[in-house]
1. Kyte-Doolittle cut-off -0.5, length cut-off 20 Å along the helix's own axis using Cα: show which whole DSSP H helices in chain A pass.
2. Of the cross-linked pairs B:K40/B:K105; B:K40/B:K176; A:K128/B:K105; A:K47/A:K247; A:K52/A:K224, which ones have a Cα-Cα span greater than 22 Å in the structure shown?
3. Pairing the Cα long axis of helix B:121-156 with the longest principal axis of chain B, what angle in degrees results, from 0 to 90 and rounded to the nearest 10?
4. Enumerate the residues in the stretch A:26-64 having an amide nitrogen under 20 Å from the point lying 7 Å beyond the Cα of B:S131 toward its Cβ.
5. Over chain B, average the accessible area per residue using a 1.4 Å probe and give it in Å², no decimals.
6. The stretch B:1-104: which trypsin sites (Lys or Arg not before Pro) are DSSP loop and have at most 14 other beta-carbon atoms within 10 angstrom?
7. Give the shape of chain B as rounded, prolate or oblate, defined through the alpha-carbon gyration tensor: a ≥ b ≥ c are the square roots of its eigenvalues, a/c under 1.5 means rounded, and otherwise the shape is prolate if a/b is larger than b/c and oblate if not.
8. Contour minus end-to-end for B:E112 and B:T82, with contour as 0.36 nm per residue of separation and end-to-end as the Cα-Cα distance?
Amino acid sequence: MLYLPLLTLFKANSILLTVFKAGSSDLPIYALVGFVIGIFLFYQGFKWMRQKQLIESTPTSKIRSLAMGLVEIFGNVIPSEGKILKSPFSNSDCVYYRYTVEEYKNHGKRSQWDTIMTGDGRELFFLKDDTGMVLVDSNGAEIDIPQDNQYQTGGLFGKPVPKTIESFLKTKNASATGFLGIGRQLRFTEWFIAPKDKLYILGTAADNPFVKTSSRNEENIIIKKGSNESTYFISDKSEAQVLSGFKWKVWGGLLGGSALILICLLALLWFFKVL
Amino acid sequence: MGFGTDLIIGVAVLLVVLILGGWIAGIYNSLVRLRNDIKKSWANIDVLLKQRSDELPKLIASVKGYMKHEEGVLTKLTNARTAFLNAKTTGQIADADNMITGALKSLFAVAENYPNLKANENFIQLQNRISGLENELADRREFYNDTVNTFNIKIQSFPDMFVANFMALKQEEMFKVTEAERADVKVEF
């Protein structure tokens, strides 16, 4: 959870330090970029604060008695009939997946993993608690789930490419081998929501467009991103863990953003000899 | 101190003010949202109470022919429904709801003595519908109480209490279940 603000802060600060050390004339550009990132982080901090307060003040609903509007529910994933996906690399059953393909590349003196491909897939699914089950459309949701699988090819630690990855690469007209058949150093990562996974959802209960009217209240409802309420959050963590993550994000965003703004401003003033 | 130092101090102060201001605004907004959520969750209970009240005349009509010797049970239900229809305040509605729930419990318990009634398709459908509504009502009462509880804790907690005092917020009352409703229904054979 704290990963994003800390990483951004770390990256921006390390760039600034490099520039300071080198006495580079690019300092104003880096400082300006850092300043904008700082403002973005600061703004995000407030956004996360609002989300945290929403989670704190929204009681959990039982699915059987869901009312329209923003709701918080817990339950297990049940795939909608015949609507099951396969994760791209491990070929696991799922209702949602996301993946990245990265390649290890040299950039002058530095080498790093560059993202060369990303993608996701989703299907409607049901969330079931002990009172009933409700349809969920995860489109537009912020999905907070841990990484499920990672494979690496080429290089020292690379293993042979699994068949599922080979066929995935084929569908994308790509190959794991590069120039003269030498293995490219690739990293494949996937995240997915599998059947029976326990999920926490904070989203909007709206009219289910797939059902005309049912005597069961929950069948008339679909959980989705609201038109008036932008918060739509899905996680496989407990509410307490989600809140704890948000707490760190809020302070990381607000304090980290503030620090970055001040450091970059200081750098700019120092460069233009205003200090 | 030069312009640069003044600027840095100014921006630092501005950031602190923004964080504090945003924090206070966040507390204010979340209290406003909770207060509205209480009203909304009450309205969601009210919708179900009305639906259940609409089903009662049908239920009474369907059991009247079978339960000629249970005038007391039926009168209790009719009176409870009348009390609900005449209720104006939240407290009166809650009392009438408790009366209806109690009367329904008695009626369904007494119905056990009438095998012909129990086998009646219309009665079964109404019983299922009303039981479904009762379950949903129980959930929504619980949800309402959760919302009220969150609100009450928040307005008494530090530092939210200062904003709550400024907004002149008072503790809200929970939806109480009467002793009569909590008690098991006695069936006389």
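1. Span-like helices here: A:3-22, A:27-57, A:257-271.
2. Listed pairs above 22 Å: B:K40/B:K105; A:K128/B:K105.
3. Once rounded, the angle reads 30 degrees.
4. Counting only backbone N, you get A:63-64.
5. 56
6. B:K68, B:K88
7. It is prolate, given that a/c is not under 1.5 and a/b is the larger ratio.
8. Extending this stretch completely gives an extra 8.3 nm.
The values are calculated or read from the model by the stated rules, or taken from the named source; none is laboratory data. Computed from a prediction, not measured in an experiment: that's the story for all the values here. As a convention, Cβ positions derive from the backbone with ideal geometry for all residues, glycine included, and neighbour counts pool all protein chains shown. Just the protein is used for accessible areas: all its heavy atoms, side chains included, with ligands, DNA and RNA removed. Shrake-Rupley method; radii C 1.70, N 1.55, O 1.52, S 1.80 Å.
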